[in-house]
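Worksheet: one structure, shown below.
Here, each number is a calculation from the coordinates, and none is a lab measurement. Since the model is a prediction, treat every value here as computed from it, not as a measurement. Cβ placement follows ideal geometry from the backbone for every residue including glycine, while neighbour counts extend to all protein chains displayed.
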Amino acid sequence: MATTNPFEDDDARYFVLANADNQHSLWPAFAAVPAGWSVVHGEDTRQGCARYTDAHWTDMRPAGLVAQG
């Protein structure tokens, strides 16, 4: 059965985005990057982007809270 959710398609290509709070998101490569977000990991497989996110987004608190200690 084909996946209809572009955020869960193992065969699609993705970016990893981050916002000002250093929150990360996998984003379909075909879709425009939303305002307030930047590409931090270039086009890759879903699994590759998930590995990047696991390695680089180790604290899920917003950056402001992380800075407070």
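Computing FRET efficiency as 1/(1 + (r/R0)^6) for Ala35 and Arg13, where r is the C-beta to C-beta distance and R0 is 25 Å, gives about 0.70. Here the extension length gained between Asn22 and Thr4 equals 3.7 nm, from 0.36 nm per residue of separation less the Cα-Cα distance. Where does helix 46-56 land angle-wise versus the long Cα axis of the chain, in degrees 0 to 90, nearest 10? For 46-56 against the chain, the angle is about 10 degrees. Here the relative contact order of the chain, from alpha carbon pairs under 8 Å that lie six or more residues apart, stands at 34 percent. Running Debye on the chain with equal point scatterers at the Cα sites and no solvent, what base-10 log of I(q)/I(0) appears at q = 0.15 Å⁻¹? With no solvent term, the Cα-only Debye profile gives -0.50.
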